[in-house]
Structure formats: C-alpha cells, structure tokens
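S.K.: Just dropping this structure here.
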C-alpha cells in the first residue's frame, strides 16, 4: 500500500519540476480518498478495486486508443475537504485529467465545485470528476455540473427501490426512520417519508429522528425508543461505527424486525455483525455479488480474492467506472480532450460486469442501473465479506431503477 | 488632614478562627510605620486585607479617606497604594528592565494601550532607568530577573513596588532571609527610595524596625496592643511581656 | 412508566462507567494539579489489552490482568514523563498529556489497526437478565453495574479507612502540608497515577464489549470525562459520582424522549416563522433533544464554570 | 542544556537596548523578498496551494501564540474563532449585492472582526481565570460550536459546509483572483501585515503586560493592571488575527466545513505552535512551515506520519519545551562568543549517529507495521527508495543494526557533545 501511494506522488513541493503533462502511453486517474485515519480501510479497499479493475479490464485487454494504459494514482485526502482540494491541485499539476472520489458527500460537494471553478478558470487543463460513491442527491440535482458523473445510484433512487420492497410486505405497518444528523441522513429520511407516503400511505411512521454523526457512544436509549414504538421495520442511512452501533444495539435490546440500510457490509462490519445480523439486515445497493450474475463476474471476483485475500469487492460499480471511461475515451479518440470524453459518456449504454444494463443519463449525469436489495446471511454465499463466512445475497431487484425520475439539474454544457 | 491609611474595627475570620480581632490604626502621611509581632499574630493577614487580597469580615479600611471595601488589588493600586511580598514576587522570565518598565506603565497613563510602542517612549525608558539606578541594578538590566541573586531580587521587588509612584508603600518583611550585610544594604535602599512617602512595613528584624520606623505598632493575636515611637514601644511593659521576650528568644 | 425504569437503568450504566473514569482522573488532579488529558487513552488501552488477553486466556483473565498492566504503564508515564515535565509548569504538563493522548491513539492503530476489534462479552453473561415491557436488559449490564459499585465501595473504603487513604485525603485538601510532613510524595503521586489509570483500565475492559473497541473510543469519551469532573468539582470523589450519574441520566433521557424545541418555543409564546425553511431561525425551531443530547454536558459545564467555578461539590477553585 | 532561559549571569547578554528599539527591519525585509520570489521557484499550482496553506497556518499559529506563548493561556478550542471568521466571510462572498462592491483583499478585515466579536463574547466569561478553568471553558465552547456546525445549518451549512466564488468581488486593480498565484500574493500581503501587527502588538504596553500577567498575575494586579482585562484584550486580539486566518482560508479554498471548527483543528494549532516554540515570536512561524511540509509531504510517504508526529511532539514537550525556536536560540550565546564552530564536529558525530538510529528505527517501525497489517501475501515494501521483502532476514538485520549502532554511537559520543557545548558557552579565559 505504501508503494502505491508513493508511486504516483512525487514530493509535493518539487512538483514544479515533475509537473509535466501525462505521458502519451499512460492515462492517469487520480484516486482521492482516505488512505489514513479512521476510514483508511474503506479507502484502501476501494483503491485496490480500482487498481485491479484498471489492470484486468483495460490494461490486460490491450488498453485504450493505441494501447494507452490506465494508471491509478492514489492521493490521501484524510476524508477532509481541505486536503482533498490540495490533492486535487497536486493531481491537476501532474497532468491528471480524471478524478475519482467516493467517500463522503461532503468531500464530493467540495470537489465538484472546485472542479467546476477550475474548469472555468483554466480552460486549458479541464478535468472530469468520476464520483463512484457519494450519493447525496444534490450532486445530480441542484449542484450538478457537466464535469461530474455519478456511477452509484443516489440516495433517492436507492430509497425508491427500498420502499418498493417495503410496499410489497404487508407485514410492515409501522416504520422507524433514524439517521445521522447531516445532509445524507436527512436526504434518506426525507426520501423515505416521501416514498412511503406515495406507495403505502397506510404505513405509520412511528419515529423519524437524527442523531449526532460519529458522536454517539451508546445507542441503547435510541434502541429503547425503537423497541417501545413497536416498529416493524427500521430505515437508516447510517454507516461505519454508527451503523454497527445502532444495529447491534437494537438487536441486543429486543428488536427482531428488518433493518433497511445502505451501508452495512464489508470493511469489518459484516464480520462484526456476523450471526447477530442474520435475518435482520437488508441492504440496498447496486452490483450483484451473490449469487454471481455470470461466469465472468465470478472469475473476476476470484481473481481479485487471489490477489487481495483480505479484500472485498464492496463497490462493484468501480468496474463500471473503468469500463465506461475506457469506452468513452476510445469513442472520443482522445484522452486529453475531456469535453469530448464527457460527451461520449453521456447517454452511454453499457452491460455491467455484474449483470444488467446500465445507462449514463445525460440530463443529470446519473448512472441508471439495477438496484438490488441484499440480505446479510451465510446461506448461499459464494463470495463472503471480511472472510467471515457471511456476505450479502440478492433478494429483490429493481431493474433500471428510477429511470425516468425527475431532476432539478440544469446542465450548462460547454 | 486625613490619615494616609486608616483602619477601624477591622476583623477577619477564616471559618471559625478569628485572625484579626478588631484593629484600629491610623497611619499619617509621610509616616514610616512598622507592624511587629510574634509569628502568627496576623501581620501578613493584615497586609492582605489592606491590599485587597482577602475581603475583610468586618470594619473599614480607608486610603486617603476613601473606603477600600470591595476593591480589587489593581483598583487599590491605582489609588496610590503599592506593596511588596514576603516571598519574592517578581516576573522571573522578563528582564530586570522589563520588570521595572511594566510597573511604570499604568502610572504613566498607558492603561490598556495597544497602539504605542513601549520601546519608543523616552519617558518610560528614562523612568525605568532612573529606578534601576536607585536600586543599583543598572548593570543587571538585561538579565532575566529569575537569575538574579536573592538580595538583588529583593531590591528589584522594592523597585517594582515604588516604581508606580504610589505614595503609600507597604513592604512585607523586606529583609526576610538575608545576611547582615545584605540587610544593611536593603535598609539603606528602602530609606533612600521611600523618602517623602508613607511607608508601612511588617518586619521581624528589630534592627531594621528600629532603624527605619518612626512609629511602631505591636500586633499580638490579631489585636494591636501598643502603638507609638520606637522608644515608647520599647519601654512599654506590655510589649516587653507579650512580644519582645518571645521575639528575642526566637532570634 | 416502564420506559422510565428502563432508561433509569441504562442511564445508571452509562453514569457508573463514566464514574470509573472520572474517579481516577479527579484523584490524579487533586493530588498533582494536572488534568490528565490522556486518561481516556488508558481506558482504551484497557479495552485493547483485555481483548488481546481474552483471545488467549478468556475474558476473566483479561479483567484481572489488563487493569494491572495499564496501571503499571500509568505509573511509568508518571515516573518517566510527567515528573520530568512537571518542572516546566502546569501548561506544559497539560500539553504533555495531550500529546500522550495523540501518541497512544497512534500506537493503538499501529499495533491493532484501524478496524473495530471483535471483543465480546463472555458467553456466560450473554443472556437477557430480565425484560421490562419488551425492553430486554442484558445480563452484562447488570454485571457492569455490579463491578462499578464494587469499585466505588472499595475506593471509598481505601480512602476513608486506611492509612494510605488518609494521606491521600489530606493531600487532596492540603497538598503542601502533606509534603512537609515528610511523606514520600513522589511515590504517592506515582501510586495515585497508577491506580487512577488502572481504574480507567477497568472501565475499558468492561466497556469495550458494549461500546466497541476501536481507535476512536478514547476520543469519543475523552473530553466528556473532563466535563464530568469539572461539573462535579475538581478533586471531589462524591462530586465525580454525582456528576457522572447526572450526565448519564441527562443524556439517556434526552435521547429517549423526543423533546422538541418547537414545542418549547411555542409554550414560551413565540410564533413559528412561516415558511420555516426560509427563516434564519429554522435550525433553532427544528432542534430536538436527541440531536443535542451529547452536547448538553458541555453546555452544563460552561454554565457551571461561569456561575460556580469550583463545581457542584468542589472546595477548591481550579 | 535544555532550558534556554538560563543564561550565564556573569555575562550580561548584549541585547538590543530597549530604549532605541525600533522594529529590527532586516528579517522582515528578507521575509518579504522571500515571499515575493517563492512563486518563481515553485511554480506549480499545487506548490502555491501548499504555500498558501502554510501562510494561513502561520497567521493562525501566531494568533494562537498570542494566547499560549505571550499570555500563558492554553486554549483547546481556538479553531472556532478562525472558523467563524471564515464562515462569516463565506456568507459575505455569497451576498452578491454587498460582495460585488467589496474588493476581495479587504475581506479578511471582516473575518477578523467576526473572529474578534466571538472572542469578545466568549472572553467576557472565559478570561476571568487563567490555567485549567480557561482551558476547560475553551474546550467546552470549542466542542459546543463544533457540534453546532451540523445543527445550525443556516450558518454553518451542515456537514458539507458552505462554499462560494471569490471571483465575484469588485475587481481589485483589475485583478479578479481567478488564478492561484493572485491569491498567493493576496495572502502573502496579509501574512506580512498580520505578522508585523502581531509583532508590534507584543511591544505595546498591553503586549508587555500580557507577558507580565502570564508570569505572575498577582504581581501584575498590584501594579494597577487587572489580570482579567489584560487576558481579555489578548484573547480578543488573538481572535481577530485568527479570524483573518479564517478569512484567508475562505478565499483560498472557497469552502468552509466543520473541519475548520472541530477540536482536531484546535489540537493541530496547539501542536504547531508548541513544536515551533512558544517562547519566541518566530517559533510558530517555524512550526507552521515544518508542520505543513510534514503533513503534505511526509503523509505521502508513509501512512504512519501521525505516529511519528506524536513521538516528536511528546519528545519535544519532555526534552525541548522551547520547541524548534528554543533549540535554535540556545545557540545564540555560543555564537556571540564566536565559538559556534566548535560545535560542528561533535554535532556531526552525535546527531549523525542519532539520525542513523532514527532512520533505522523508522525502517523497523515501517517493517513491523507492514508485516502486521499488509494484505496476506504482500511481502514487498519500499523504504528509503529501496524495495525489498519484509519476510527476509537481511532487511531486519540491517534495520536493527542501524538502530542499535546509531543510538549506541550517539550515546557514546554524547559526553563529547556536552563537553563541547559547555566549552562553546564559556567565554575564553573565564574562571569556572
């Protein structure tokens, strides 16, 4: 890992010397995500998935254009917006045109604005932002711009899919919504209320609350409220320690219904939930891991595990990013003219490695794809997470979720 | 003419223990007044009451006719009363010159000024150098005060005390812990720098007391049992009985 | 009504846990006049050591050994670190413990990595002790209450019934005098620091399985422990107990009930501005008690410091 | 040899006569020239961004040192003053009607005023006491405001913060601040102005009394000054300059988030200031430069940079309480005696050996970390531009050897260094 960080990044201050344009035979993609600090695990795992995807899906297939190779250059942003902007500058100085980032919508918001400003102020070295994981709906709505492409389904789309499943379950009469007190948590709560109101007006929302993000030591009082409310289902957008804390606490304190959530897999969480989470955890995500959608996907996952025995493919969409970018560059006939590449990405249709077809919607640069509801289980798992024996298995699928959903994006095109 | 410092019915208790048990004392302008008494008589407490370090339990203290009740030390200082401490109390990390200059700032009207440079003020520099001259520390002016010898630090403390131009100077055991030659030196110094000012001091060394004071009060168990000229106090049988015998044994 | 009882028990668990940390901290402060910023880091070390020991020897040996190891480390820190820094004054001491807290966190990450450790309560305690209206009270929580109360009683006994305790008590009120009486004050300091950190270690051992054993656990709890002893009154053991329970219950109850600022403001006679999403006060109106539960102790502390700087039970001014 | 304050009393230091003291211009002129030409040496935008970051940190650290170094007040929540100043500026930037009439270079004044305003409110109750009470209130207030940043979305913008576009201000002499280099010069000018003002402040009566109150608040009270008000004014002044730093942050990054306010940021500035040295005016400047470099450059080299930083910090507090500046100033007496040269060889011996030991130890730490945490099968590590297998014996022997030999040699040569040090600090012919 050390190697990969040092590889691309010459010492920052001597950059003036090394700030040459990318050489003709490599196309560099800057990976700006946390590689140290509390989220380093997630970041590092993401980096491995990028490196592996670039190697397997592009470089081993002969590269793009006339044999140009992809190279992932890692930058540690310590999950701080400020650091991200510095690293963005470093990346641009190195002649990198493609910025990939995913962890934290806060960082993504900072990056998308900075990139928009940069491209306006420096028309000669424009860059594209490949957002593979930040799901704040605003990024493809009010805050959308031409340079930003989102490859994950946004929070609203996922909630749409999630509530489809809830709507079909007649056993659910009462729902408790709880989340972290920040933009994403609020977006999840708002979407949940909206969609449940539309699809199942008879469901009573017995609780809708926010708790401080990353500050709650003990979720017991929240669990008590949830148990006391006699909710049949919990919806939460919590991630990381907040997800683990909330989930374990409600289950230990007497709750036994389903917990619908976004992020409760891999990075140690699957292992930590283990048996406790069986039968309760329901995750909404794109990318079918179990059962493998096709032989190619299975082979790809096996190869990945052979290279990173401790790793997980927890962000299947990364392969879509790499494949679609490669195709767009080929179509545009240039890796340096990012405007052309961006136009090539717009409305691109693609067969995902993980099954199903996907499409980059032009009006808001939101990728439309199949969204699955997974169950946390150890039954029928081909590829487990955290080598724990437990993994996630597809239970329901919404094809091309939210294909015609509305957007408030008013894209200004160059 | 009002007295420089007037105490009436002054009392102070800590919990149930009454340390100062009704002190009445009047110190005239220009007087050199020494408060003596055996250990634990309450001399330092009396000092601390006058300078606002502790609030009194009862009674009044007036400085030039103004009541000091409820005043903070810095307010009392601004009214023209300055004190030294039994345990050397200077600014050890600052230079000797800085120590003296800081003590001049308020009296020279700088208050909380943050727009003029102290280094630019001729008056400040000259004032401070004059004080250094008086306390014979000119040669040490640029040393951190903490590295001075004990006697020098005591001299500096007296310099700081008088620098602000207060007309009532209170010295708490200025010669404590000094050798004979050092004591003589400090006594001369005190006499020199307090000319024309009201001096109140607590002192154990009878030589110093009789050499400096023109009025003496004897404090025993929180009460003043005698006040008068050195000769009168020396001759007072009550004092001899209550204090001098004991004190002489001590030393 | 049932829920109130459940919350009282939950709050008690939180409060007692906090007390085990703040008891050691307040003892250390009263003896040495230094707020040990790294106190919660020793709590974290306790959890990690216990986890490591439990892998080999089981939970109970962890409970026994880990606090001892932490205590020895604490004594070492006092002997070779703090004592040296002491000569520079209080501010460098505070900065030293602050640096130590950073270093311990980095050290833990260095050794155990960044993920949460699978440190679990022992099998024997993994059952529901009883349930009140569908809310189960895990046996482990009862065990936590039991341990903390036992420690409190033990501490009280040592402090009031033994010679060492007398000396420490005296040192709480008259630190200089005790020194003058010829007691080996540096040794007492080292001992108190060791015991204080060992107490934090115990807290870590028993809290690790419930609150999670991860590198951020010290940071999450760190500042709240200071808040506790400041509210209780620096140097007061009873104050620490009362403040711990107070904080435990305040946070538990404000999370368990949804008090809304909107209701409060309306009761006070304010009218809600319309449309609310356009008003500069929108965030004030939408505040709910769970949202601010964890910052209530800070508000309480600032108020206490303004109006009663020596805390609820403190005798000496900080 | 650790305490830079103990000077030989027999040899009065030849300090500049206070009476004739004017701003010693030379270092300032050098600094100004350096600031002017740096962008011509480091031309990359990222280098300029890092220099901007450095300059902002310098201003913030100097402001912080007005409290810690000059006023003796330890704050655990100073980031909020910079942060609030920055947030206020961001709101000004987003207020089109007002901002389009305001030249961008004047914006930091508003940041300063807002930082100062907040400092006045908090200072009114926090500065009554110094020491632990002040530290605790600063921590409490810091935590409160940081927590508010996600609750009070209208002002702080929640988790994603608020952002704006600096270029919509009134063009200043035709400059619209589109490019980083233009922002660089704006920040550089403010750096010079703020640093000079803060330096001059320390020379005013209030600045001098801040030192006096730090050393001995009681004595200061008996000189006519209220220790509380002296602290209050220091606090407010510090808040003002912190606010300026925050405003410059807003201009440079065009975004402010919760991380500008949180306790981590407050801790960092304490670390920066203390590492640089609180005893001298230029200490925090050194600290800010070194820290920014460590953060941006070392963190690219190793994941363990926080670990090394923690060690360095604790070692500094324990052995060099004067920080970097203190270390440098320790050599002033020897230089005055003209005997600095005599330290060269002993330094080379001991520090060279010590450096070898440190490098060995660092390699060892990296290897241990790699063996413990690298993914299974990943045996390759690159340390000091050399790639090798961590499961082989040779690298371990080398690293352990370097550590042992390095520290062993350092220890063996240390007495020689101490002797040389004493010699260099003793005037020739002085009887000792």
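The values are calculated or read from the model by the stated rules, or taken from the named source; none is laboratory data. Quick caveat: nothing in here was measured; it's all calculated off a predicted structure. In this analysis, Cβ positions are derived from the backbone assuming ideal geometry, glycine residues included, and neighbour counts consider all displayed protein chains.
S.K.: From the list D:310, D:338, D:306, D:352, which one is away from chain C (no Cβ under 14 Å), free of Cβ contacts under 8 Å to residues at least 60 places away in the same chain and either within 26 Å of residue D:404 (Cβ to Cβ) or part of a helix (DSSP H, G or I) (or both)?
M.R.: So the residue among D:310, D:338, D:306, D:352 that is away from chain C (no Cβ under 14 Å), free of Cβ contacts under 8 Å to residues at least 60 places away in the same chain and either within 26 Å of residue D:404 (Cβ to Cβ) or part of a helix (DSSP H, G or I) (or both) is D:352.
S.K.: Something else now. With the requirement that a residue be in a loop (DSSP other than H, G, I, E, B) and closer than 25 Å to residue A:69 by Cβ, what does the range A:347-377 give you? Full working, then the answer.
M.R.: Filtering the range A:347-377 for residues in a loop (DSSP other than H, G, I, E, B) gives A:347-348, A:352-356, A:361-365, A:369-370.
Within the range A:347-377, A:348, A:352, A:353, A:354 qualify.
S.K.: Out of the range A:224-250, which residues are touching a strand residue (DSSP E or B) at 6+ places or on another chain (Cβ under 8 Å), more than 8 Å from chain C (Cβ to nearest Cβ) and under 22 Å from residue C:139 (Cβ atoms)?
M.R.: Within the range A:224-250, A:226, A:246, A:247, A:250 meet the criteria.
S.K.: Right, next: Which one of these is in contact with a helix residue (DSSP H, G or I) (Cβ under 8 Å, 6 or more places away or on another chain) and within 14 Å of chain D (Cβ to nearest Cβ): C:129, C:121, C:101, C:133?
M.R.: It is C:101.
S.K.: Next question, about the same structure. Pull out all pairs, ordered by first then second residue, where Cβ-Cβ is under 9 Å, the residues are six or more apart or on different chains, the first lies in the range B:84-100 and is within 11 Å of residue D:219 (Cβ to Cβ) and facing another protein chain (nearest Cβ under 8 Å), and the second is at pLDDT below 85 and surrounded by fewer than 19 Cβ atoms within 10 Å (Cβ to Cβ).
M.R.: B:92/D:5
S.K.: For residue D:344, indicate whether it is away from chain C (no Cβ under 12 Å), out of contact with any strand residue (DSSP E or B) (no Cβ under 9 Å at 6 or more places or on another chain), part of a loop (DSSP other than H, G, I, E, B) and exposed (fewer than 14 other Cβ atoms within 10 Å of the Cβ).
M.R.: It is false that residue D:344 is away from chain C (no Cβ under 12 Å), out of contact with any strand residue (DSSP E or B) (no Cβ under 9 Å at 6 or more places or on another chain), part of a loop (DSSP other than H, G, I, E, B) and exposed (fewer than 14 other Cβ atoms within 10 Å of the Cβ).
S.K.: On the basis of being touching a strand residue (DSSP E or B) at 6+ places or on another chain (Cβ under 9 Å) and under 30 Å from residue B:8 (Cβ atoms), does residue B:84 make the cut?
M.R.: yes
S.K.: Tally time: how many residues in the range C:198-242 are in a helix (DSSP H, G or I), within 14 Å of chain D (Cβ to nearest Cβ) and farther than 30 Å from residue A:40 by Cβ?
M.R.: Final tally of qualifying residues: 5.
S.K.: Go through the range D:111-129 and give me each residue that's surrounded by 21 or more Cβ atoms within 10 Å (Cβ to Cβ) and either more than 13 Å from residue C:305 (Cβ to Cβ) or more than 14 Å from chain C (Cβ to nearest Cβ) (or both).
M.R.: D:111, D:112, D:114, D:115, D:116, D:118, D:119, D:123
S.K.: Within the range B:168-195, which residues are touching a strand residue (DSSP E or B) at 6+ places or on another chain (Cβ under 9 Å) and either crowded, with 18+ Cβ neighbours inside 10 Å or within 11 Å of another protein chain (Cβ to nearest Cβ) (or both)? Full working, then the answer.
M.R.: Step one: of the range B:168-195, the residues touching a strand residue (DSSP E or B) at 6+ places or on another chain (Cβ under 9 Å) are B:168-174, B:190-191, B:193-194.
Those that are touching a strand residue (DSSP E or B) at 6+ places or on another chain (Cβ under 9 Å) and either crowded, with 18+ Cβ neighbours inside 10 Å or within 11 Å of another protein chain (Cβ to nearest Cβ) (or both): B:168, B:169, B:170, B:171, B:172, B:173, B:174, B:190, B:193, B:194.
S.K.: Quick check on residue D:412: is it loosely packed, with under 12 Cβ neighbours inside 10 Å, outside any loop (DSSP other than H, G, I, E, B) and outside the structural domain of residue D:309 (by TED's automatic domain parsing)?
M.R.: For residue D:412, the condition - loosely packed, with under 12 Cβ neighbours inside 10 Å, outside any loop (DSSP other than H, G, I, E, B) and outside the structural domain of residue D:309 (by TED's automatic domain parsing) - is not met.
S.K.: For residues in the range C:71-91 being facing another protein chain (nearest Cβ under 7 Å) and under 23 Å from the mean Cα position of the chain (by Cα), which is farthest from residue B:92 (Cα to Cα)?
M.R.: Looking at residues that are facing another protein chain (nearest Cβ under 7 Å) and under 23 Å from the mean Cα position of the chain (by Cα), I get C:81.
S.K.: In the range A:291-312, what residues are more than 14 Å from chain D (Cβ to nearest Cβ) and surrounded by 22 or more Cβ atoms within 10 Å (Cβ to Cβ)?
M.R.: A:297
S.K.: Exactly one condition in (1) in a helix (DSSP H, G or I); (2) within 13 Å of chain C (Cβ to nearest Cβ) is not met by residue D:259; state its number.
M.R.: Of (1) in a helix (DSSP H, G or I); (2) within 13 Å of chain C (Cβ to nearest Cβ), only one is false for residue D:259: (2).
S.K.: Among the numbered criteria (1) in the same structural domain as residue A:55 (by TED's automatic domain parsing); (2) more than 15 Å from residue A:131 (Cβ to Cβ); (3) touching a strand residue (DSSP E or B) at 6+ places or on another chain (Cβ under 7 Å); (4) in contact (Cβ under 8 Å) with a residue 40 or more places away in the chain, which single criterion is violated by residue A:357?
M.R.: (1)
S.K.: Tell me which of these residue A:126 doesn't satisfy, since it passes every other one: (1) in contact with a helix residue (DSSP H, G or I) (Cβ under 6 Å, 6 or more places away or on another chain); (2) surrounded by fewer than 24 Cβ atoms within 10 Å (Cβ to Cβ); (3) over 30 Å from residue A:60 (Cα atoms).
M.R.: The failed condition is (3).
S.K.: Just name the residue that is nearest to residue B:105 (Cα to Cα) out of those in the range D:201-237 that are out of contact with any helix residue (DSSP H, G or I) (no Cβ under 8 Å at 6 or more places or on another chain), part of a helix (DSSP H, G or I) and facing another protein chain (nearest Cβ under 7 Å).
M.R.: Kept after step one, since they are out of contact with any helix residue (DSSP H, G or I) (no Cβ under 8 Å at 6 or more places or on another chain), are these residues of the range D:201-237: D:215-216, D:228-229.
Within this subset, residues satisfying the condition of being part of a helix (DSSP H, G or I) are D:215, D:228-229.
Subset that is facing another protein chain (nearest Cβ under 7 Å): D:215, D:229.
On the way: D:215: 17, D:229: 15 Å.
Within the range D:201-237, the match that is nearest to residue B:105 (Cα to Cα) is D:229.
S.K.: Looking at A:145, A:103, which is the one that is under 21 Å from the mean Cα position of the chain (by Cα), assigned to a loop (DSSP other than H, G, I, E, B), more than 9 Å from chain D (Cβ to nearest Cβ) and modelled with pLDDT under 90?
M.R.: Among A:145, A:103, only A:103 is under 21 Å from the mean Cα position of the chain (by Cα), assigned to a loop (DSSP other than H, G, I, E, B), more than 9 Å from chain D (Cβ to nearest Cβ) and modelled with pLDDT under 90.
S.K.: A further question follows. Considering every residue within the range D:291-298, establish whether at least one is facing another protein chain (nearest Cβ under 8 Å) and buried (at least 21 other Cβ atoms within 10 Å of the Cβ).
M.R.: yes
S.K.: Follow-up. Scan the range C:285-314 for residues that are farther than 13 Å from residue C:229 by Cα and either facing chain D (nearest Cβ under 8 Å) or outside any helix (DSSP H, G or I) (or both) and report the count.
M.R.: 10
S.K.: Does any residue of the range D:183-191 turn out to be crowded, with 22+ Cβ neighbours inside 10 Å and in a loop (DSSP other than H, G, I, E, B)?
M.R.: no
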